[in-house]
Amino acid sequence: MQVRPYSPEKDRAAAHRIWYEVGWLRDTSKAEAMDIFIEGGRALVADFDGEAECLAASMPGTMRYLDEDLPWSCVTAVATSRVARKQGLAASLTAQLVAADAAEGALVAGLGIFEQGYYDRLGFGTGVYEHWLSFDPAQLAVDVAPPMPRRLTPDDWERVHAAFLARRRGHGSITVTPPEFTQGRILRIPGHTFGLGYEDGPGGEISHHLWALAEGVNGPYFILWMTYQTRAQFLELMALLRGLGDQVRVVRMREPEGVQLQDLIRQPLRFRKLTRHADFENTNHASAYLQMRICDLPGCLERTHLRGGEARFNLKLSDPITRFVDEGAPWRGIGGDYVVTLGPCSGAEPGTDPALPTLTASVGAFTRLWLGVRPATGLAFTDALSGPDALLETLDHVLCLPTPRPDWEI
Ligand SMILES: CC(C)(COP(=O)(O)OP(=O)(O)OC[C@H]1O[C@@H](n2cnc3c(N)ncnc32)[C@H](O)[C@@H]1OP(=O)(O)O)[C@@H](O)C(=O)NCCC(=O)NCCS
């Protein structure tokens, strides 16, 4: 196996074949979208017999931690052809991709998972549940008369990307910097999609908008994303959805960051029962399908300013990614012993202080703790994290954070 950077001239055809074989490129007219997506960031391939059989790609971005934007690496794609499965290619390429991004300054890395467990082997920890609600848009309790929106098309990809970057953001929210991410994504979505939005920015920028996939006259309509900067803009978009409710019987969307969407739905439980097992079933499904990992512990903690209390402890951190990264690489994971302070002024220094209690954790579990996915006492029940009860309880108080929502499908 040889791992090397993806070369558009040499590897395009093999990359298309890999994506075709895994089912991501059913329609060859979408191949250009794939090229845009892959070539907009870093990509590595692994060769067998001179042909690329595995491809992994990433793009740079940011992840917000309270009020700080940390450099973040987004692993955008990992796929192995049918002939090269279970040779360790995908794990090795993903590890080397993360290592390269971390060596260039990414403090955190993240990805979407096909299943729990696979990327845990590279130190990733599972994020929070995302709620996906299906509801009748006519039942939206939004007392707003929205102005007529603009019709947005795939040609607006650059402005749509700018709207993503300028959207209202909360703790844990991510951005992906290259606009090719949005361009490739818009072009890749199969089926009938449409965008509706408003251009209330000072220079006519898209201030708020939504992008949807429509199935049939009566729906469902899948809201693929929505961006806005203010409460009024959010309500205008929800009112737009309500306005489609004369014919559309069900809309499916991810619960937006910071709100409880059920607040805006009339009689949600009645409709849930009435539509049970029906074509237009009203539901609320939760699932956690994004994972994150810290790539630089001192770097992350230097920018961690918690809002109350302080905890100081030894951290014995294990990082399983090390075994997948070449010995000579400049970054090989972050396992080791640290003295950690968490508080308004946080930090991590290599070493051990015998006067302090000790927390033992995998990097995935510690990342979840630091982000606020679950409290220390809960993680100690189910994840690779342990320590004295008094320390865990102190951490529960100190790391009392808003729900970390990436708020961007990757
Ligand atoms: C996911 C995928 C990239 C893995 O490719 P691969 O090169 O075969 O992966 P590796 O050889 O590195 O790893 C395979 C190992 O992971 C293990 N594994 C698979 N799923 C796992 C899970 N959920 N938890 C833990 N281990 C898992 C396999 O059992 C196998 O173990 P073995 O080597 O001991 O038999 C490949 O299946 C693929 O291309 N799938 C379709 C596209 C896709 O879903 N990509 C991932 C997007 S997030």
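The values are calculated or read from the model by the stated rules, or taken from the named source; none is laboratory data. Computed from a prediction, not measured in an experiment: that's the story for all the values here. Neighbour counts are summed over all protein chains in view; Cβ atoms, including those assigned to glycine, are modelled from backbone coordinates with ideal geometry.
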Listed residues R231, R252, R312; which is modelled with pLDDT of 95 or more, in the same structural domain as R169 (by TED's automatic domain parsing) and farther than 30 Å from Y118 by Cα? R231
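Here is a yes/no grid of residues against (1) more than 24 Å from G309 (Cβ to Cβ); (2) in contact with a Lys or Arg (Cβ under 7 Å, 6 or more places away or on another chain):
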site: E327; (1), (2): yes, no
site: P330; (1), (2): yes, no
site: G335; (1), (2): yes, no
site: C345; (1), (2): no, no
site: E349; (1), (2): no, no
site: D353; (1), (2): no, no
site: L356; (1), (2): no, yes
site: S362; (1), (2): yes, no
site: A365; (1), (2): no, no
Note on region 313-336: residues assigned to a helix (DSSP H, G or I) and aliphatic (A, V, I, L, M) are I321
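Touching a strand residue (DSSP E or B) at 6+ places or on another chain (Cβ under 6 Å), surrounded by fewer than 22 Cβ atoms within 10 Å (Cβ to Cβ) and either without any contact (Cβ under 8 Å) to a residue 12 or more places away in the chain or among the hydroxyl-bearing types (S, T, Y) (or both): does that describe T62? Even if it seems obvious, please write down each step before you answer.
Details: touching a strand residue (DSSP E or B) at 6+ places or on another chain (Cβ under 6 Å): yes; surrounded by fewer than 22 Cβ atoms within 10 Å (Cβ to Cβ): yes; either without any contact (Cβ under 8 Å) to a residue 12 or more places away in the chain or among the hydroxyl-bearing types (S, T, Y) (or both): yes.
So T62 passes the test.
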Go through region 1-53 and give me each residue that's within 12 Å of the ligand (Cβ to nearest atom) and under 25 Å from E158 (Cβ atoms). W19, W24, L25
Out of region 90-146, which residues are part of a loop (DSSP other than H, G, I, E, B) and near the ligand (Cβ under 8 Å from one of its atoms)? I113, F114, E115, Q116, G117, Y118
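Restrict the check to region 231-241 and report whether at least one residue is touching a Cys at 6+ places or on another chain (Cβ under 8 Å) and buried (at least 20 other Cβ atoms within 10 Å of the Cβ).
Initially, region 231-241 is screened for residues touching a Cys at 6+ places or on another chain (Cβ under 8 Å), giving none.
Checked region 231-241: no residue is touching a Cys at 6+ places or on another chain (Cβ under 8 Å) and buried (at least 20 other Cβ atoms within 10 Å of the Cβ).
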Of the numbered conditions (1) at pLDDT 95 or above; (2) surrounded by fewer than 17 Cβ atoms within 10 Å (Cβ to Cβ), P190 satisfies every one except a single condition; which is it? (1)
Sole exception among (1) more than 15 Å from R405 (Cβ to Cβ); (2) out of contact with any Cys (no Cβ under 9 Å at 6 or more places or on another chain); (3) among the β-branched types (V, I, T) for V128, by number: (1)
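Residues checked against (1) hydroxyl-bearing (S, T, Y); (2) touching a Lys or Arg at 6+ places or on another chain (Cβ under 7 Å):
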site: A15; (1), (2): no, no
site: W19; (1), (2): no, no
site: G23; (1), (2): no, no
site: S29; (1), (2): yes, no
site: I36; (1), (2): no, no
site: F48; (1), (2): no, no
site: E51; (1), (2): no, no
site: S58; (1), (2): yes, yes
site: T62; (1), (2): yes, no
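Count, please, the residues in region 147-179 that happen to be in a strand (DSSP E or B) and either within 16 Å of the chain's Cα centre (by Cα) or acidic (D, E) (or both).
At the first step, the residues of region 147-179 found to be in a strand (DSSP E or B) are 150-152, 174-176.
Keeping just the survivors that are either within 16 Å of the chain's Cα centre (by Cα) or acidic (D, E) (or both) gives 174-176.
Qualifying residue count, region 147-179: 3.
To keep it simple, each residue is scored yes or no on (1) touching a Gly at 6+ places or on another chain (Cβ under 9 Å); (2) closer than 23 Å to P404 by Cα.
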residue	(1), (2)
D296	yes, yes
F313	yes, no
G328	no, no
C345	no, yes
P350	yes, no
G364	yes, yes
R368	yes, yes
Residue pairs meeting the criteria (Cβ under 8 Å; at least 6 apart or on separate chains; first in the same structural domain as S81 (by TED's automatic domain parsing), in region 2-15; second among the aromatic types (F, W, Y)): A15/Y6
Output the residue which, of all residues in region 265-312 that are assigned to a helix (DSSP H, G or I) and basic (K, R), is surrounded by the fewest Cβ atoms within 10 Å (Cβ to Cβ). K273
Identity of the residue in region 255-264, surrounded by 19 or more Cβ atoms within 10 Å (Cβ to Cβ) and touching a helix residue (DSSP H, G or I) at 6+ places or on another chain (Cβ under 8 Å), that ends up modelled with the lowest pLDDT: P256
Within region 76-87, restricting attention to residues that are near the ligand (Cβ under 6 Å from one of its atoms) and either closer than 17 Å to D11 by Cα or free of Cβ contacts under 8 Å to residues at least 24 places away in the same chain (or both), which residue is surrounded by the most Cβ atoms within 10 Å (Cβ to Cβ)? V78
Can you tell me which residue is farthest from S207 (Cα to Cα) among those in region 230-267 that are in contact with a Phe, Trp or Tyr (Cβ under 9 Å, 6 or more places away or on another chain) and basic (K, R)? R249
Could you tell me whether S73 is of a type in the set (S, T, Y), within 12 Å of the ligand (Cβ to nearest atom) and modelled with pLDDT of 95 or more? no
